[in-house]
Amino acid sequence: MLDEMKIGVLALQGAVEPHMKAIAGCGYEPVAVKTAERLDQVKGLIIPGGESTTVGKLLERFGLDTLIKERVAVGMPLYGTCTGMILMAAEIVGSTQHRLGLMATTVKRNAFGRQVDSFETDLDICGIEGGPFRAIFIRAPYFEALGSGVEAMAEVHGRVVMARQGNMLASAFHPELTDDLRVHRYFAAMVEESLGEGAKAQRH
Ligand code: GLN
């Protein structure tokens, strides 16, 4: 039997375990990524929620930022939730914090305001079928601006909260905190696509 396809979760800080479970729930092998060796093993990577200033610093300290950028440049799919979405943005409103800066986006941190620190809402997500998705937001960012090549996938109160740019996906909310696997399946499909038809044929 061939190995299951490995999808990584960046495990420097934050909500790693729920993403690992969701990946396993989709039928893929989750790998906690803290080192270059682990990053080499995975075909796609998720950056979980946490604290973006901390994760940004740790990415730099562990030398993973350059390696992740190199992999994404040659096609590895990357999905950032919340902190991940912030670290993937080219611009962060009012901040010079360390980041990957891979997506042509401007994000605003903690953007929904203190009075609505956390909330849940039903979202219609473009590209994800089967009805609205229950989305959990925790001190969430939103996209203030999208550059060329970035597609908006979902909005809350007129603010874009999920977007895709080629092999990069980002959401302000936390699909790993619900039992609904559709967003993780969508990302897994991006990973499958990135491997191309030849690789798919070999796996099945
Ligand atoms: N507000 C946090 C940050 O700036 C993100 C919160 C989250 O990931 N749930 O990193």
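In segment 103-122, which residues are away from the ligand (no atom under 12 Å from the Cβ) and buried (at least 21 other Cβ atoms within 10 Å of the Cβ)?
Those that are away from the ligand (no atom under 12 Å from the Cβ) and buried (at least 21 other Cβ atoms within 10 Å of the Cβ): 103, 105.
For segment 10-24, state whether one or more residues are over 17 Å from the mean Cα position of the chain (by Cα) and more than 16 Å from the ligand (Cβ to nearest atom).
Scanning segment 10-24, I find no residue that is over 17 Å from the mean Cα position of the chain (by Cα) and more than 16 Å from the ligand (Cβ to nearest atom), so the answer is no.
Which of the numbered conditions does residue 196 fail, given that it passes all the others? Conditions: (1) over 30 Å from residue 93 (Cβ atoms); (2) modelled with pLDDT of 95 or more.
Status for residue 196: all satisfied but (2).
Just to be sure before I move on: is residue 93 at pLDDT 95 or above and surrounded by fewer than 17 Cβ atoms within 10 Å (Cβ to Cβ) in the structure I sent?
It is true that residue 93 is at pLDDT 95 or above and surrounded by fewer than 17 Cβ atoms within 10 Å (Cβ to Cβ).
Of the numbered conditions (1) assigned to a strand (DSSP E or B); (2) over 22 Å from residue 166 (Cα atoms), residue 53 fails exactly one; give the number of that condition.
(1)
Exactly one condition in (1) in contact with a Leu (Cβ under 6 Å, 6 or more places away or on another chain); (2) in contact (Cβ under 8 Å) with a residue 60 or more places away in the chain; (3) not aromatic (Phe, Trp, Tyr) is not met by residue 58; state its number.
Answer for residue 58: the failing condition is (2).
Is it true that some residue in segment 56-76 is over 15 Å from the mean Cα position of the chain (by Cα) and closer than 17 Å to residue 171 by Cβ?
No: zero hits.
Being hydroxyl-bearing (Ser, Thr, Tyr) and over 18 Å from residue 27 (Cα atoms) is the filter; apply it to segment 145-201 and report the residue that is least open to solvent (accessible area, probe 1.4 Å).
The residue in question is 171.
Any idea which residue in segment 52-71 is nearest to the ligand (Cβ to nearest atom), counting only those that are of a type in the set (Val, Ile, Thr) and open to solvent by less than 10 Å² (accessible area, probe 1.4 Å)?
That would be 55.
Would you pick out the residues in segment 131-157 that are under 14 Å from residue 106 (Cβ atoms) and within 16 Å of the ligand (Cβ to nearest atom)?
Of everything in segment 131-157, those that are under 14 Å from residue 106 (Cβ atoms) and within 16 Å of the ligand (Cβ to nearest atom) turn out to be 141, 142, 143, 144.
The values are calculated or read from the model by the stated rules, or taken from the named source; none is laboratory data. Quantities reported herein were computed from a predicted structural model and do not represent experimental measurements. Cβ: placed from backbone, ideal geometry, glycine included. Neighbour counts: every protein chain shown. The accessibility values were calculated without ligands, DNA or RNA, using every heavy atom of the protein model including side chains. Shrake-Rupley method; radii C 1.70, N 1.55, O 1.52, S 1.80 Å.
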